[in-house]
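See below for the structure under consideration.
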Amino acid sequence: MIGYVTIGVSDMSRAKSFYSELLAELGAKVLLDKDRIAFIGKSMGQPMLAVCIPYDKEPNHPGNGNMVAINPGSKEMVDKLYHKAIELGASCDGEPGQRIPDRFYGAYFRDPDGNKVAFFHFG
């Protein structure tokens, strides 16, 4: 149902590098790169993450309450990708852990532009 989610960034090179390296273990890469916007994913037919310089050319602003959540397939991958995000320059916004007993495991971080991202696993 979701084709792609777009987040605003201030530095396209940094954002493409950050997300390409972070999501490579999930098989994602930059699929389409057009100056002010780049789409990162496994294929154009699957949900993607787009990073962009805002169309109005005003500074990007992470939305309060907005978040992109990515399911990497296991608790182990949640942990691994969360720690990789931190190594790549993200800041912690909630360390990995069980949030709802036996139901929801998650980890939260802010990318270098302040966008909130979660890795999660149900079950």
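Let's see how each residue does on (1) in contact (Cβ under 8 Å) with a residue 40 or more places away in the chain; (2) of a type in the set (D, E, K, R):
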{"site": "ARG14", "(1), (2)": "yes, yes"}
{"site": "GLU21", "(1), (2)": "yes, yes"}
{"site": "GLU25", "(1), (2)": "yes, yes"}
{"site": "VAL30", "(1), (2)": "no, no"}
{"site": "ILE40", "(1), (2)": "no, no"}
{"site": "GLN46", "(1), (2)": "no, no"}
{"site": "PRO72", "(1), (2)": "yes, no"}
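Applying the condition of being out of contact with any Ser or Thr (no Cβ under 9 Å at 6 or more places or on another chain) and among the aliphatic types (A, V, I, L, M) to the stretch 23-33 and asking which residue is surrounded by the most Cβ atoms within 10 Å (Cβ to Cβ) yields LEU23.
Give the residue, chosen from GLY3, GLY45, GLY63, that is more than 12 Å from the chain's Cα centre (by Cα) and either among the aliphatic types (A, V, I, L, M) or closer than 27 Å to GLN98 by Cβ (or both).
So the residue among GLY3, GLY45, GLY63 that is more than 12 Å from the chain's Cα centre (by Cα) and either among the aliphatic types (A, V, I, L, M) or closer than 27 Å to GLN98 by Cβ (or both) is GLY63.
Table: residues versus (1) at pLDDT below 95; (2) exposed (fewer than 13 other Cβ atoms within 10 Å of the Cβ); (3) on the phi < 0 side of the Ramachandran plot.
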position	(1), (2), (3)
GLU21	no, no, yes
ASP35	yes, yes, no
ILE70	no, no, yes
ILE86	no, no, yes
CYS92	no, no, yes
ARG99	yes, no, yes
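Somewhere in the stretch 1-14, is a residue buried (at least 16 other Cβ atoms within 10 Å of the Cβ) and at pLDDT below 95? Looking for residues that are buried (at least 16 other Cβ atoms within 10 Å of the Cβ) and at pLDDT below 95, one finds none in the stretch 1-14, hence no.
When restricted to residues that are touching a strand residue (DSSP E or B) at 6+ places or on another chain (Cβ under 9 Å) and surrounded by fewer than 13 Cβ atoms within 10 Å (Cβ to Cβ), the stretch 37-54 contains 2.
The values are calculated or read from the model by the stated rules, or taken from the named source; none is laboratory data. This is a predicted model, so every value here is computed, not measured. Ideal geometry is used to build each Cβ from the backbone, glycine not excepted, and the neighbour counts take in all protein chains shown.
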